[in-house]
Every structure is written in structure tokens, then in C-alpha cells.
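Please read the structure below before turning to the comments.
A short reminder: the numbers here are calculations on the coordinates, not readings from a lab. Small disclaimer: the values here were computed from a predicted structure and weren't measured. When we count neighbours, we look across all protein chains shown, and the Cβ atoms used for this are built from the backbone with ideal geometry, even at glycine.
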Amino acid sequence: MYTSMGGWIIFGVIALVSWLVQLNLTRKFEKYSKVAIASGLTGAQVAEKMLKENGLYDVSVTHVSGTLTDHYNPATKTVNLSDEVYSSYSVAAAAVAAHECGHAVQHARAYAPLQLRSALVPAVSFSSKYVSWILLAGMLLINIFPYLLLLGIVMFAMTTIFSFVTLPVEIDASRRATLWLQEAGITSPTEHPMAVSALRSAAYTYVSAALGSLATLFYYLMIFLDRR
């Protein structure tokens with residue numbers, strides 16, 4: 001009973017923190033999306049410029065639909081920018097575009113954490129597909145077949161590890177982005193702190209996700225250890 005109550009408290013705190021972090025990111029993105037960048041470059045132009053200045057001529061910049069769906073695809077070597085970033089002249093668009101190009105630079109430079117994350121993708125994709133069902137079955141059958149829950153915990157641990165490996169990847173991409181934006185003169189002295197703030201808020205979402213995954217992992221582990 002106490003384990004169950006503790007689990008609900010953990011989930012409640014995690015949900016609240018995650019919601020607040022996501023709300024903060026959304027508000028900052030909306031705020032800085034209204035600030036026109038002095039350099040007059042769109043998100044797509046910022047991305048193309050950063051790629052060229054880093055010698056990445058084999059990476060293309062493409063447009064994808066959605067909000068905050070920006071990402072770098074190492075398989076196709078494409079920087080994919082969302083509706084609100086690709087053609088926007090805002091500080092937020094420049095920050096996001098440069099961040100995604102930061103991942104492209106990591107890929108080209110064989111950044112170790114990115115390589116590790118890429119190596120984990122197949123196992124994490126497999127685990128994510130079945131882990132919820134295995135954990136559910138494991139809890140229902142805990143008195144009959146307890147090691148089914150343990151299998152689910154091991155699979156969930158893969159996603160937790162992936163979350164923590166993602167942290168240095170995202171933080172480093174933002175570091176590369178903000179450094180380049182300043183050195184290339186894309187953001188003015190008054191605009192640069194805004195770009196840094198936007199990317200820092202984005203990083204917090206990964207931190208909260210990693211901590212949430214770790215707390216959930218411990219919760220399932222407590223259920224397994226307390227089964228008797």
C-alpha cells in the first residue's frame with residue numbers, strides 16, 4: 001500500500017514538473033518567436049549558413065510540418081525544420097535551427113555520446129514497443145511469475161539509460177549553437193541572451209524526462225522487491 005501511494009506521489013510530482021517545464025518552453029518559444037532577428041535571416045538560412053561554415057556540404061535543410069518537430073536525421077543527413085522555424089526571421093527560429101545543426105556537426109565530428117545514443121536506438125525502439133505490456137503483465141502476474149516484471153524493468157532501464165545519454169547530446173548541441181550564433185554575428189548582444197534562454201529551457205525538458213524515467217524505474221523496482 002505504501003509503495004503504491006509513494007508511486008502515485010512520484011508520478012504526480014513528475015507530471016507537474018514536466019508540465020511546468022513544457023509550459024515554460026512553450027511560453028519562451030512564443031515570446032522569442034515575436035522578436036525579429038537583426039541579421040534578417042530565416043531559420044532555414046541560419047541552418048544553411050552554419051552547415052557551410054562547419055564544412056558540412058552533404059547535409060541538406062528541409063521543411064517538416066508541425067510545431068517544435070525540428071530534428072536532425074543522421075540517416076538521411078537532413079536538418080528538418082518545422083513550420084515556425086523554417087521561414088521565420090525570429091530569435092527563436094535562429095536558436096532552434098542552429099541547435100539542430102549542432103547535431104549535424106556532432107555527427108560529422110563523431111561525437112561519442114551521439115554515437116552511443118545512435119547505437120542504443122535499435123534496442124530502445126524494441127523495448128519501447130513492448131515494455132508497457134510486459135510491465136502490466138508482470139504486475140498482474142507478480143505472485144505467479146515475478147521475473148516477468150523483472151524483464152519489464154530491464155527493458156524500461158534501456159529507455160532510462162537512453163534518456164540520460166541524450167542529455168549531453170542535447171546540451172552540447174545547444175553549446176555549439178549559441179557559440180556559433182555569437183561568433184558568426186547572427187544574434188546581436190541583446191538577442192543572444194534570448195537564444196541562450198530558449199535553448200536552456202529546451203534542455204530542461206530533457207532533464208525532467210530523464211529524472212522522470214529514473215523515478216519510474218525505481219518505482220517498478222520497488223514493486224518487484226516488495227512483492228513478498
task: Give me the angle, in degrees from 0 to 90, between the Cα long axis of helix 146-183 and the longest principal axis of the Cα atoms of the chain, rounded to the nearest 10.
output: 10 degrees
3J(HN,Hα) from dihedral phi, region 79-95, Karplus parametrisation 6.51/-1.76/1.60, rounded to Hz, x for glycine, proline: 9, 9, 10, 6, 3, 7, 10, 3, 10, 8, 9, 8, 5, 4, 5, 4, 5
task: Measure nothing fancy, just the Cα-based angle from helix 2-32's long axis to the longest principal axis of the chain, in degrees from 0 to 90, nearest 10.
output: 10 degrees
field: Neighbour-count ranking [beta-carbon atoms within 10 angstrom, fewest first] of K31, K52
entry: K52, K31
statement: Exposure-ranked with fewest Cβ neighbours within 10 Å first, L149, L141 stand as L141, L149
query: Quick one: of the DSSP bridges fully inside the chain, what percent are antiparallel, nearest 5?
result: 50 percent
task: Rounded to the nearest 500, what is the 222 nm mean residue ellipticity of the chain from helices alone, with -39500 (n - 2.57) per DSSP H run of 4+ residues and division by all residues?
output: -25500 deg cm²/dmol
statement: Amide H neighbours of S88 at under 5 Å, excluding residues fewer than 5 places away on the same chain, with H built from the backbone geometry, are G43, A44
Cα-based reach from K129 at 17 Å (exclusive), listing aspartates and glutamates while leaving out same-chain residues under 8 positions away: none
- request: Only bridges with both residues in region 1-124 count here: give the DSSP antiparallel percent, nearest 5.
  value: 50 percent
message: Order these by the 10 Å Cβ neighbour count, fewest first: T190, T160.
response: T190, T160
query: Considering amide H positions built from the backbone, and no H for Pro or chain starts, which residues 5 or more places from D70, or on another chain, come under 5 Å of its amide H?
result: S82
